[in-house]
1. What residues of segment B:14-43 lose no less than 10 Å² of accessible area with every protein chain in place versus their chain by itself (probe 1.4 Å, heavy atoms only)?
2. Just how much of A:Met21 is accessible, in Å², when a 1.4 Å probe is used and the result is rounded to the nearest 10?
3. Top to bottom by accessible area (1.4 Å), largest first, where do B:Arg44, B:Arg36 land?
4. If N is the number of residues in the protein assembly as shown, what value comes out of its Cα radius of gyration divided by 2.2 N^0.38 Å?
5. Can you list the residues of segment B:78-113 with backbone N under 19 Å from a point 7 Å past the Cα of B:Gln22, pointing along Cα to Cβ?
6. Rounded to the nearest 100 Å², what's the accessible area chains A and B bury against each other, both chains counted, probe 1.4 Å?
7. With springs only between Cα atoms under 10 Å, which of B:Val12, B:Val50, B:Val88 fluctuates most in a Gaussian network model of chain B?
8. 7 Å from Cα along Cα→Cβ at both A:Arg60 and A:Lys26: what's the point-to-point distance in nm?
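The values are calculated or read from the model by the stated rules, or taken from the named source; none is laboratory data. Everything numeric in this text was worked out from a predicted model, so none of it was measured. Please note: Cβ atoms are built from the backbone with ideal geometry, for glycine as well, and neighbour counts cover all protein chains shown. Surface areas here come from the heavy atoms of the whole protein model, side chains and all, with no ligands, DNA or RNA. Shrake-Rupley method; radii C 1.70, N 1.55, O 1.52, S 1.80 Å.
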Amino acid sequence: SQQGEEDPQALSIQEGENATMNCSYKTSINNLQWYRQNSGRGLVHLILIRSNEREKHSGRLRVTLDTSKKSSSLLITASRAADTASYFCATDSYSGGSNYKLTFGKGTLLTVNP
Amino acid sequence: NAGVTQTPKFQVLKTGQSMTLQCAQDMNHEYMSWYRQDPGMGLRLIHYSVGAGITDQGEVPNGYNVSRSTTEDFPLRLLSAAPSQTSVYFCASSYVGLGYEQYFGPGTRLTVT
């Protein structure tokens with residue numbers, strides 16, 4: 001079953017506005033990552049936040065993590081048309097031996113209108 | 001570095017046919033994995049490997065086989081294709097352990113008729 005669930009499923013904004021996407025997960029995590037996927041392409045890593053971190057920044061990206069609520073948010077400031085893509089959160093887990101897994105949510109489709 | 005490469009980019013199979021999706025990486029990553037992506041379902045893990053000779057099942061392994069004879073290559077085999085396996089398949093690689101970003105290939109779009 002999928003660990004992360006993004007919200008909203010789709011988001012449409014105007015260029016220059018901020019975009020916020022949320023991710024909720026079910027079980028305890030070690031790290032949470034955000035990825036971007038342009039249409040028809042592979043996923044590209046954006047940012048990682050560890051379970052003991054509450055906020056992280058990278059350029060126009062800001063990620064927050066609330067482990068008590070089992071949720072994370074990705075904020076893209078001053079959005080551009082080039083930010084149009086699907087955004088996925090992913091949580092990793094380790095259950096012993098070789099059992100390392102990264103579990104993805106269903107994604108948020110962001111459309112930035114020029 | 002070429003990163004993660006996948007072949008073919010597109011493939012059409014008839015029900016019952018078999019084929020192998022190829023995946024290779026040149027970053028000396030121990031961890032490699034296969035995902036399928038279906039509309040509205042996000043990415044689901046099929047199989048993964050933490051090194052040569054070691055493979056494990058993911059969330060949706062049925063109908064797929066893998067092997068890992070070298071660090072670089074991680075092929076995915078469909079033994080008897082079914083329409084339910086129509087999907088986009090992504091291979092990814094990373095270092096082993098928690099907290100490493102995954103590098104994705106460009107994907108293979110497979111249609112089974």
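1. Those residues are B:Tyr31, B:Tyr35, B:Gln37, B:Gly40, B:Met41, B:Gly42, B:Leu43.
2. 0 Å²
3. Greatest to least solvent exposure: B:Arg44, B:Arg36.
4. Dividing the Cα Rg of the protein assembly as shown by 2.2 N^0.38 Å gives 1.01.
5. Output list for this probe position: B:78-79, B:89-93, B:104-111.
6. The summed interface area works out to 2000 Å².
7. Of B:Val12, B:Val50, B:Val88, the most mobile in the Gaussian network model is B:Val12.
8. Using points 7 Å along Cα→Cβ, the separation is 3.5 nm.
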